[in-house]
Amino acid sequence: MLPHEICRQLGEVRFKEMFMSLNAAAMKQSMLEGGLSAIRTAAQVSIRKRNEEWARRLWGSVASDKPSPCKLFLFEWLRQTKTDLLTAFLDSISVPHQKGLTDADFMKDVPEERLLEAAKALLAHPKYDRRDVAAYLLFLDYSNETERFATLDLAKQLS
C-alpha cells in the first residue's frame with residue numbers, strides 16, 4: 001500500500017493528530033514533500049494556528065484524488081512518536097537497532113513466518129494502537145518493496 005493510501009485510510013482526524021505530534025521541521029518537510037507552501041501567513045497568529053492550517057492543507061492534498069506523497073510524513077511520525085513500537089518489533093525478531101532504527105535488511109533476511117509472528121504479537125498487544133501497528137507494517141512493506149504482511153489484511157486495521 002502506498003504511503004498516501006495509508007494516510008487516507010487512517011482518516012482525517014487520525015492524520016491530523018499524527019501531523020500535530022511532529023516537530024516543526026518535520027511538519028515543514030511534509031508540507032514541502034506534498035508540494036505545499038510552508039510559509040507562515042498573517043492569518044496564522046500563533047504556532048498552533050499555523051500547525052492546524054498546515055494539517056488542514058496537507059490533509060486536503062492527501063484526501064484529493066491525485067496521489068500525494070506521505071513517505072516522509074509517515075517515516076517522521078514513526079521515528080518521532082513510535083520508537084517503543086519500532087523497538088518492540090525489531091527486538092522480537094532479534095534485529096540490532098538504535099531506538100527502533102536500523103540499516104539491516106531484515107525484511108529480506110528474516111524468515112516470513114518470524115515476521116508474521118512478531119507482527120501478530122504487536123497487533124494483539126494492548127499497549128499499541130492497532131492502527132499504528134498496521135501503518136508501521138504497511139510502511140515497512142512499501143519501503144522494502146515486499147508484501148510480507150499481505151496475509152494480515154492490515155488495511156482493515158487502519159480505520
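Just so you know, all these numbers are worked out from the coordinates, no wet-lab data involved. Because the structure is predicted, anything quoted here is derived from the model rather than measured. Note that we place each Cβ from the backbone using ideal geometry, even for glycine, and neighbour counts take in every protein chain shown.
Averaging the sequence gap over all C-alpha pairs within less than 8 Å and six or more residues apart, then dividing by the number of residues, gives region 82-158 a relative contact order of 25 percent. Radius of gyration over Kirkwood radius for the chain, both on Cα atoms: the Rg/Rh ratio is 0.99.
Over the residues of the chain, the helix contribution to mean residue ellipticity at 222 nm works out to -18500 deg cm²/dmol, using -39500 (n - 2.57) for each DSSP H run of at least 4.
With only the Cα atoms considered, region 3-76 has a convex hull volume of 77 Å³ per residue. Comparing Arg50, Arg131, Arg79 in a Gaussian network model of the chain where C-alpha atoms under 10 Å apart are linked, the largest mean-square fluctuation is found at Arg50. Dipole of the chain computed with +1 at Lys/Arg Cβ and -1 at Asp/Glu Cβ about the Cα centre; of Ala24, Leu115, Ser92, farthest Cα towards the positive end is Ala24. Give the residue from Pro69, Thr41, Gln80 lying farthest towards the positive end of the charge dipole for the chain; charges sit on Cβ (+1 for Lys and Arg, -1 for Asp and Glu) and the dipole is referred to the Cα centre. Final value for the positive-end residue is Thr41. Counting only Cα atoms, the size of region 82-158 along its three principal axes is 29, 24, 19 Å, in decreasing order.
Running a GNM on the chain with Cα contacts under 10 Å, which residue among Ala55, Ala135, Ala124 ends up with the highest mean-square fluctuation? Comparing Ala55, Ala135, Ala124 in the GNM, the peak value goes to Ala124.
Residue-wise HN-Hα couplings along region 49-62, as the Karplus relation 6.51 cos²θ - 1.76 cosθ + 1.60 with θ = phi - 60° gives them from phi, are 5, 4, 5, 4, 5, 4, 4, 4, 5, 5, 4, x, 5, 5 Hz; Gly and Pro carry x. Relative to the Cα centre, the charge distribution of region 82-158, modelled as +1 at Lys and Arg Cβ and -1 at Asp and Glu Cβ, gives a dipole magnitude of about 340 debye. Dipole magnitude for the chain: computed about the Cα centre from +1 point charges on Lys and Arg Cβ and -1 point charges on Asp and Glu Cβ, it is near 880 debye. All other residues whose Cβ lies under 14 angstrom from that of His97 are scored, Lys and Arg at +1 and Asp and Glu at -1, for a net of -2. Computed on the chain, with alpha-carbon pairs under 8 angstrom and 6+ residues apart, the relative contact order is 26 percent. Between Leu101 and Ala121, the modelled label-to-label distance comes to 2.5 nm, taking each label 7 Å out from Cα in the direction of the beta carbon.
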